[in-house]
1. Show the residue pairs that are 6+ apart or on different chains and have beta-carbon atoms under 6 Å apart, the first residue being within region 29-44 and assigned by TED's automatic domain parsing to the domain that holds I96, the second being among the basic types (K, R) and crowded, with 24+ Cβ neighbours inside 10 Å.
2. Determine which single condition A8 fails, assuming it passes every other condition in (1) under 30 Å from M355 (Cα atoms); (2) part of a strand (DSSP E or B).
3. Working carefully through the options L177, L173, L161, find the one that is touching a Lys or Arg at 6+ places or on another chain (Cβ under 9 Å) and surrounded by 23 or more Cβ atoms within 10 Å (Cβ to Cβ).
4. Look at S262 and say whether it is without any contact (Cβ under 8 Å) to a residue 12 or more places away in the chain and farther than 30 Å from E35 by Cα.
5. With (1) within 22 Å of E341 (Cβ to Cβ); (2) modelled with pLDDT of 95 or more; (3) surrounded by fewer than 15 Cβ atoms within 10 Å (Cβ to Cβ) as the list, and A82 as the residue in question, which single condition is left unmet?
6. Which condition number in (1) under 22 Å from the mean Cα position of the chain (by Cα); (2) small (G, A, S); (3) in the same structural domain as R375 (by TED's automatic domain parsing) is the one that G54 fails?
7. Has region 297-307 got at least one residue that is in a strand (DSSP E or B), among the hydrophobic types (A, V, I, L, M, F, W, C) and closer than 19 Å to P188 by Cβ?
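The values are calculated or read from the model by the stated rules, or taken from the named source; none is laboratory data. The shown structure was predicted, so the numbers you read here are calculated from the model rather than taken from an experiment. Cβ coordinates were reconstructed from backbone atoms using ideal geometry, including for glycine residues, and neighbour counts include every protein chain displayed.
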Amino acid sequence: MQKRIRRASSVTGSITLPGDKSISHRYAMIAAIAEGATRIQNYSTGADCHSTLGCVRALGIDVEGGGTEFVVHGKGLDGLRAPERDLDAGNSGSTIRMLSGILAAQPFYSRISGDESLARRPMQRIMKPLTEMGARIRARADKYPPIEIEGGRLRPIEYCLPVASAQVKTCVLFAGLFAEGETSVIEPVRSRDHTEIALREFGAEIRAERQKITVVGRPKMTARELIVPSDLSSAAFFLVAALLVPGSHLSIRGVGLNPTRSALLDFLTGMGARISIPSLETHNGELVGEIGVEYSGLRGGVIEGSLTAALIDEIPVLAVLGAATEEGLIVKDAGELRIKETDRIQTVVENLRRMGVAAEETPDGMVIPGKQNFRAAAFDSFGDHRIAMAFAVGALRAEGESVIEGAEAASVSFPEFWDTLAACSQS
């Protein structure tokens with residue numbers, strides 16, 4: 001599918017975005033192994049999160065509802081049943097990595113796979129700790145999906161993550177729910193803590209001491225009424241759009257503002273972005289608020305070290321923004337981008353060059369000089385939702401009409417993206 005986008009005169013208005021992907025995945029999985037009917041409102045409309053619901057159903061859990069509201073009828077820690085066929089994670093690395101922690105403890109065999117893109121994404125990071133806990137796991141070439149899991153009784157472990165990853169942390173903590181005793185994960189740097197908050201909300205005993213997170217096995221978790229905040233990662237595209245286009249003034253309502261995700265706002269304000277949070281409250285342990293943003297002249301910056309881990313999903317759209325800043329953007333320590341849905345270092349640099357922006361690819365990042373002009377171009381999403389959306393935002397500042405090839409990729413996380421972008425972009 002193609003989308004054509006013309007230069008915008010401003011990005012204005014007040015918008016509401018879909019539910020947070022990360023939180024939606026976790027709520028659905030935990031609700032399935034809690035006891036009773038959990039109602040989830042503002043569930044993500046993205047295809048990835050619906051892959052999780054499909055897997056939950058295939059494991060014998062009744063899921064009612066549609067759109068953005070679902071009721072998951074959980075059956076407790078021991079209530080899942082063997083799937084009749086392969087579990088399909090679609091394009092969702094979150095689904096396959098986090099759900100594997102639950103599958104590793106089941107008294108049955110399961111096989112979980114996904115689409116062509118997911119089949120190229122390595123899984124050793126979850127296979128190693130789950131094997132240490134006693135699970136028997138096989139994978140294609142010992143690292144790629146499909147993953148075959150012979151579930152069974154698990155033992156608790158203390159596991160040091162070699163690389164910060166909220167998905168791997170969650171996988172181990174989910175497996176730890178089924179092990180007698182305490183399972184701990186030690187992170188090299190703090191990652192998003194949606195899993196810890198959600199488990200606590202459902203009644204699990206979980207402790208966080210500095211960068212060590214410990215879960216006590218065999219908890220009794222009970223159903224909850226839950227509201228998913230809007231996705232800050234989705235908001236990033238609109239924040240950047242407003243910062244790119246002169247005369248812009250935008251309000252984004254009901255956004256999740258979890259402190260472990262606030263690096264995005266801190267980084268933008270550090271560059272000089274005029275961002276405000278006029279309201280803030282707590283829903284189900286998660287901070288939620290309104291974000292106001294207006295066009296600003298920006299200095300530029302460097303993303304490296306722990307900041308890279310915190311901003312890994314937002315780097316594609318921040319790279320677009322970097323070209324318009326005074327000093328440009330340097331990204332380091334981002335080798336993880338090469339094993340996302342695409343090699344995002346390569347695809348970002350390729351599309352930047354298509355619109356006349358100088359950009360240099362490095363082994364673990366990129367260098368993008370500032371003060372550059374954008375020209376209209378034919379962009380390729382390369383089947384990656386974040387690439388499609390990042391360059392749609394860049395096209396708002398380019399002279400002429402741009403084309404996004406493979407625009408349907410946005411539906412993985414944000415099916416409403418194109419309509420929302422059109423609604424707030426003034427031509």
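1. That search, which allows pairs on different chains as well, returns S44/K21.
2. Going through the list (1) under 30 Å from M355 (Cα atoms); (2) part of a strand (DSSP E or B), A8 breaks only (2).
3. The conditions single out L177.
4. yes
5. The single condition A82 does not satisfy is (1).
6. So G54 meets the others, but not (3).
7. yes
Here's the yes/no breakdown for (1) among the hydrophobic types (A, V, I, L, M, F, W, C); (2) at pLDDT 95 or above:
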{"position": "R200", "(1), (2)": "no, yes"}
{"position": "E205", "(1), (2)": "no, yes"}
{"position": "P219", "(1), (2)": "no, yes"}
{"position": "F238", "(1), (2)": "yes, yes"}
{"position": "H249", "(1), (2)": "no, yes"}
{"position": "R261", "(1), (2)": "no, no"}
{"position": "F267", "(1), (2)": "yes, yes"}
